[in-house]
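Asks: This is the structure I have questions about; it appears just below.
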Amino acid sequence: MDWIFKKTSYSALSTSEKEALADLCNDEASFARLKGLLELSEQSLPEPPPAHIRTNLDALFDATYTKPAPQKQVKRFRLTYIILAAAAVIGVIFLLFPWTTNRGNGNNSPKVAKGPQTPKNEQTEIVSKFRGRCITSFASNGGGYGRFRKKGFSEGRNQTSSHFIQGKCAEFGSNICGSI
Amino acid sequence: MRIVKTGFVDYSDEDLMLAIQQGEKLAFNELYTRYSDKLYGYILKMLWYNEVRAQDLLQDLFAKIITQPGLFDTERTFKTWVYTIASNLCKNEFKRNEVRKGTVNGVEQFYSLSSDANVEKEVHERQFRDALTEALMKLDTKHRQVFVLKHMDGLSIKEIAEITEANEGTVKSRLFYAIKKLADTLHMFEYA
């Protein structure tokens, strides 16, 4: 029925259009009334809802889609980064500490840490127990760590350590012999 | 270079719904601006100008858009989808029988007179509008619905058929009946 708007008067309607509108209008006056009814309906005034609805919906939207502030995100990231870095540093220290201690003792300090000095009387007792065994076992092993030595292993280093051990053994042996 | 958001004025309704799903408040504002007046008018007319209930329903409708934007059927147009929801809300309201039929509240406040020389014409139009509103309220729900959707909200027959879940022939028939009833009721008015 949109074509009603295009017609200015009842007389402008075609026969088929008049037939279609027979139940609604049959003269100029009724046609004008019908046209006016539809035109005014289409020009219906806007009915804005009250402002409090918008306010409520704004609050609802904020509550539904609240995003964390970007500054807080950066702070959280920094804190996590610091914690992880500290943990990593501590982990590395724990991993390296025993290794560096051993290596340091082995390479840099050729001196073997001496245990607590035992009194001579006690030494005499120990020596009397192991008398003969110690010296023979040293001799058969080629001096101390000789049984673990491999061919082609760093010659100078082994020599140094073996000489050192031999020297110590000799010292220890003379002590024992002296005490005996 | 800083990109400045100018708003969502050029967005289609459907794109606005997608933006709302991503939490874009400006998109919601734009959608509200486009549809709040029309939907409020539609709900008001469907609920016999019960303003309190109409406001509640409008708020419920937009609250649904905010909290459950995923319900939007992307295969439909937003316009028909939102009117369908509004119609369903009104239907639920009818079922609750909370609306008192036949009361035309607050119609007066929508039409204010201007003080220019064309007062006589304005008075005539105002009387006609009031009479039209009253006649509209006396129509049964189905006929009122199709008339409001077609001639007040400007929807097509196809869209109305989709919203009312009726075929186009039924919609046309209801519309014709509604116009006939209104024309009969308003026969005392002369429109120039």
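Asks: I need the full set of residues from the range B:4-56 which are closer than 14 Å to B:VAL82 by Cβ, hydrophobic (A, V, I, L, M, F, W, C) and either in contact with a Phe, Trp or Tyr (Cβ under 7 Å, 6 or more places away or on another chain) or in a loop (DSSP other than H, G, I, E, B) (or both), in order please.
Replies: Answer for the range B:4-56, where residues must be closer than 14 Å to B:VAL82 by Cβ, hydrophobic (A, V, I, L, M, F, W, C) and either in contact with a Phe, Trp or Tyr (Cβ under 7 Å, 6 or more places away or on another chain) or in a loop (DSSP other than H, G, I, E, B) (or both): B:LEU16, B:MET17, B:ILE20, B:PHE28.
Asks: Now a separate question. Here are some residues: B:VAL123, B:VAL104. Which one is of a type in the set (A, V, I, L, M, F, W, C), part of a loop (DSSP other than H, G, I, E, B), at pLDDT below 85 and over 30 Å from B:GLU14 (Cβ atoms)? Quick ask: steps written out before the conclusion?
Replies: Working: B:VAL123 fails: part of a loop (DSSP other than H, G, I, E, B).
Only one candidate passes the filter, namely B:VAL104.
Asks: Could you say which residue among B:GLU14, B:GLU30 is at pLDDT 90 or above and within 22 Å of A:THR55 (Cβ to Cβ)? Quick ask: steps written out before the conclusion?
Replies: Working: B:GLU14 fails: within 22 Å of A:THR55 (Cβ to Cβ).
Being at pLDDT 90 or above and within 22 Å of A:THR55 (Cβ to Cβ) holds for just one of B:GLU14, B:GLU30, which is B:GLU30.
Asks: Scan the range B:158-167 for residues that are exposed (fewer than 15 other Cβ atoms within 10 Å of the Cβ) and away from chain A (no Cβ under 14 Å) and jot them down. Before you say what the answer is, go through the steps one by one.
Replies: Restricting attention to the range B:158-167, the residues satisfying the condition of being exposed (fewer than 15 other Cβ atoms within 10 Å of the Cβ) are B:158, B:165, B:167.
Within the range B:158-167, B:GLU165, B:ASN167 qualify.
Asks: Sticking with this one: Among (1) at pLDDT below 80; (2) surrounded by 11 or more Cβ atoms within 10 Å (Cβ to Cβ), which single condition is A:PRO50 missing?
Replies: For A:PRO50, the failing item is (1).
Asks: Across the range B:35-78, what is the total count of residues that are closer than 26 Å to B:LEU136 by Cα, out of contact with any Leu (no Cβ under 7 Å at 6 or more places or on another chain) and touching a residue at least 60 places away in the same chain (Cβ under 8 Å)?
Replies: Result for the range B:35-78: 6.
Asks: Just to be sure, is A:THR80 modelled with pLDDT of 85 or more and facing chain B (nearest Cβ under 7 Å)?
Replies: Numbers: modelled with pLDDT of 85 or more: yes; facing chain B (nearest Cβ under 7 Å): no.
Against the criterion (modelled with pLDDT of 85 or more and facing chain B (nearest Cβ under 7 Å)), A:THR80 does not qualify.
Asks: One residue is enough: does the range B:144-153 have a residue meeting the conditions within 19 Å of A:LEU34 (Cα to Cα), out of contact with any Pro (no Cβ under 6 Å at 6 or more places or on another chain) and not in a helix (DSSP H, G or I)?
Replies: Yes; the residues of the range B:144-153 include at least one that is within 19 Å of A:LEU34 (Cα to Cα), out of contact with any Pro (no Cβ under 6 Å at 6 or more places or on another chain) and not in a helix (DSSP H, G or I).
Asks: Moving on to the next point. Being within 19 Å of the chain's Cα centre (by Cα), within 12 Å of chain A (Cβ to nearest Cβ), more than 18 Å from B:TRP48 (Cβ to Cβ) and at pLDDT 90 or above is true for just one of B:LEU149, B:LEU155. Which residue is that?
Replies: On the way: B:LEU149 fails: more than 18 Å from B:TRP48 (Cβ to Cβ).
Among B:LEU149, B:LEU155, only B:LEU155 is within 19 Å of the chain's Cα centre (by Cα), within 12 Å of chain A (Cβ to nearest Cβ), more than 18 Å from B:TRP48 (Cβ to Cβ) and at pLDDT 90 or above.
The values are calculated or read from the model by the stated rules, or taken from the named source; none is laboratory data. Since the model is a prediction, treat every value here as computed from it, not as a measurement. Positions of Cβ are backbone-derived with ideal geometry, glycine not excepted, and every protein chain shown enters the neighbour counts.
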